[in-house]
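The values are calculated or read from the model by the stated rules, or taken from the named source; none is laboratory data. Since the structure is predicted, the reported quantities are computational estimates derived from the model, not experimental observations. Heads up, the Cβs are rebuilt from the backbone with ideal geometry, glycines too, and the neighbour counts pull from every protein chain shown. Accessible surface is based on the protein model in full, side chains and every heavy atom, while ligands, DNA and RNA are left aside. Shrake-Rupley method; radii C 1.70, N 1.55, O 1.52, S 1.80 Å.
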Amino acid sequence: MRKKQLLSFEAKFILGVILIIALIILPIEFSQYFNLVKKIVIDYYKKYIDIYPLWTQFAVLFSPILIYIIVVQIRKNRCDYKKDFIYGVKWKWEWYGKEVIDLQCFCPNCNEELYYNIHNSSDENLTIGKFDFICDKCDKVVASIPNSNSSTRSSNNIKTEIERVIKKRLTKR
């Protein structure tokens, strides 16, 4: 999915040209302000930061960057994982943050979208159910998923399986 940009390229270009013209026309002496800011920053550094060893200064400076890179890599690896074969059925989905959305199942033979049927069979005290995934085009049951809880939907079972696969992949790295 493509990310929305705040401004188009043309709008950024026009704002840049207006900013350059404003800096040329307006009679503001920026060098005085830059020298003042530079002096304030140097005084602050000498008073509060220079007392620590250089390696701790660099560690504090680069640790947020390192944490950001790690988070981006984890998020990237999660977002690239959008389809898989689970229980013999082809599944596709999208990510919304950490949550799986738009989960769809397809026939592995003809790529037709599947529908499911819930079967419940009960013995005296034991209720066993299953989800049958059926392809209209092939006219057969492609896969069955056992389900002991009749209130659980098949998508919850598959989402749990997707999370298990992601955790398994992350622990291998």
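Among the residues of segment 154-173 satisfying the criterion of being among the hydrophobic types (A, V, I, L, M, F, W, C) and open to solvent by less than 70 Å² (accessible area, probe 1.4 Å), which is modelled with the lowest pLDDT? Show your work before the answer.
Step one: filter segment 154-173 for residues among the hydrophobic types (A, V, I, L, M, F, W, C), giving 158, 162, 165-166, 170.
Now restrict to residues that are open to solvent by less than 70 Å² (accessible area, probe 1.4 Å): 158, 162, 165-166.
Working: Ile158: 75, Ile162: 76, Val165: 75, Ile166: 71.
Once the filter is applied, the top-ranked residue is Ile166.
So, in segment 24-57, exactly how many residues are open to solvent by less than 100 Å² (accessible area, probe 1.4 Å), in a helix (DSSP H, G or I) and modelled with pLDDT of 90 or more?
Result for segment 24-57: 5.
What pairs can you find where one residue is in segment 35-50 and within 16 Å of Leu61 (Cα to Cα), the other is open to solvent by less than 90 Å² (accessible area, probe 1.4 Å), and their Cβ atoms are less than 7 Å apart, with a gap of 6+ or different chains?
Ile49/Gln57
In segment 1-23, which residue that is open to solvent by 100 Å² or more (accessible area, probe 1.4 Å) and not in a helix (DSSP H, G or I) is modelled with the highest pLDDT?
Per the criteria, the residue is Leu6.
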